[in-house]
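Everything below concerns the one structure shown next.
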Amino acid sequence: MDVRVLGVPMDLGADRRGVDMGPSAIRYAGLADQLEAIGTSCTDGGDISVPRPEERDPDAAGFDGGRAKFHRETREVCTDVRDAVSRAVDSGETPLVLGGDHSIAIGSVAGAAASEESLGVVWFDAHGDFNTPATTPSGNIHGMALSAVLGHAAFGGEGWGHVPAVREENVALVGLRDVDDKERELLRESDVAVYTMSDIDARGVPAVTEEALGRATEGTDGLHVSLDLDWLDPTEAPGVGTPVRGGVSYREAHSAMEAVADHRDRLCSLDLVEVNPILDDHNQTAELACELAASAFGKRVL
Ligand code: DIR
Ligand code: MN
Ligand code: MN
């Protein structure tokens with residue numbers, strides 16, 4: 001497996017500054033060494049450039065029917081992410097996209113889908129990321145990323161963000177425990193498979209993850225995994241912008257990534273997002289992100 005690391009120091013889609021330093025923190029935690037230690041070649045493709053929020057007005061391009069802060073800038077960055085991801089996939093590499101806030105996944109999913117007829121997606125997150133500009137309580141695009149991919153949230157223009165190669169039936173959300181009221185209605189109406197923390201309590205991570213991966217790989221050509229580090233409990237991953245109590249444990253997260261590795265012949269690309277070193281405890285969350293990437297790419301004890 002040839003991994004291409006792509007940093008996206010994006011913080012326009014979330015409220016807490018610092019997530020733009022996620023790519024540096026994850027690299028500093030030893031990402032390349034850990035991947036090379038398991039026999040994976042690792043090329044660093046550098047960072048995609050992201051405008052500074054101080055230089056921009058979040059509502060410079062306001063539109064009727066809701067709010068999506070910095071949507072023009074987000075669109076520009078995600079277009080670059082899409083192009084970089086699809087180039088890597090085309091040349092036989094597996095892009096590992098380091099966020100940055102979760103809005104960047106609009107670009108990475110589009111890039112992974114560019115080279116596949118159909119793409120399944122597993123989205124590990126405490127949140128649904130299923131708001132739209134009309135339902136969002138925050139105006140933050142990281143809370144709308146999944147709905148954008150599925151064509152529900154267009155930002156001031158003709159369905160931008162929609163990735164038709166991704167069908168709702170092939171999307172699974174895993175670990176949900178914090179959803180906004182209108183977002184809940186949208187999720188209920190959708191065909192996305194939603195696995196909450198209660199499902200994980202009842203059935204365990206291995207069964208839930210296996211079913212989620214089954215949904216994403218059944219009848220699809222490729223698989224994209226998007227891992228928001230706030231999926232884990234804040235005791236394991238304190239360095240995230242929107243921590244929510246009651247997440248999965250360290251071992252459960254590894255077990256899920258080992259299940260991803262079982263499907264790595266299909267795995268097109270992986271996102272590691274929302275690591276915020278300013279809020280972290282001695283870079284613990286970035287270190288965890290590296291370890292989880294290694295598990296997803298096939299690290300085993302024996
Ligand atoms: C909230 C927070 N639902 C919003 N979303 C987050 O702003 O839409 N997603 N933190 O990761
Ligand atoms: Mn998220
Ligand atoms: Mn989240």
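Taken together, the values in this text are just the output of simple stated rules run on the coordinates, not laboratory data. Model, not experiment: these values are computed from the prediction. Cβ coordinates were reconstructed from backbone atoms using ideal geometry, including for glycine residues, and neighbour counts include every protein chain displayed.
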Checklist outcome for this item: Simple SL model, points at 7 angstrom along Cα→Cβ for Asp33 and Thr196; separation in nm is 4.3 nm
Checklist outcome for this item: By Cβ neighbour count within 10 Å, fewest first, Ile26, Ile38 rank Ile38, Ile26
Next on the checklist: Relative contact order for the chain: what percent, with Cα pairs under 8 Å and sequence separation of 6 or more?
Outcome noted: 23 percent
Checklist outcome for this item: In whole Å, largest first, the alpha carbons of the range 14-167 cover along the principal axes 51, 37, 27
Checklist outcome for this item: Ordered by fewest other Cβ atoms within 10 Å, a rough proxy for footprinting exposure, Lys299, Lys69 read Lys299, Lys69
Checklist entry - So which GluC sites (Glu not before Pro) in the range 180-228 pass both tests, a DSSP loop state and at most 12 other Cβ atoms within 10 Å of the Cβ? => result Glu218
Checklist outcome for this item: Neighbours of Gly18 by Cβ distance under 11 Å: Lys/Arg at +1, Asp/Glu at -1, summed charge -4
Item to check | Given charges at beta-carbon only (K, R positive; D, E negative), |dipole| of the chain in Debye | outcome: 40 debye
Next on the checklist: Just to be sure I understand: with springs between alpha-carbon atoms less than 10 Å apart, which residue in Arg251, Arg87, Arg67 has the highest mean-square fluctuation in the Gaussian network model of the chain?
Outcome noted: Arg251
Next on the checklist: At a 10 Å Cβ-Cβ cut-off, how would you order Leu31, Leu213, fewest neighbours first?
Outcome noted: Leu213, Leu31
Checklist entry - Using only the Cα atoms of the chain, what do you get for the radius of gyration and for Dmax, in Å? => result 17.1, 57
Next on the checklist: Can you compute the FRET efficiency between Asp262 and Ser138 using 1/(1 + (r/R0)^6), with r the Cβ-Cβ distance and R0 = 41 Å? Round to the nearest 0.05.
Outcome noted: 0.70
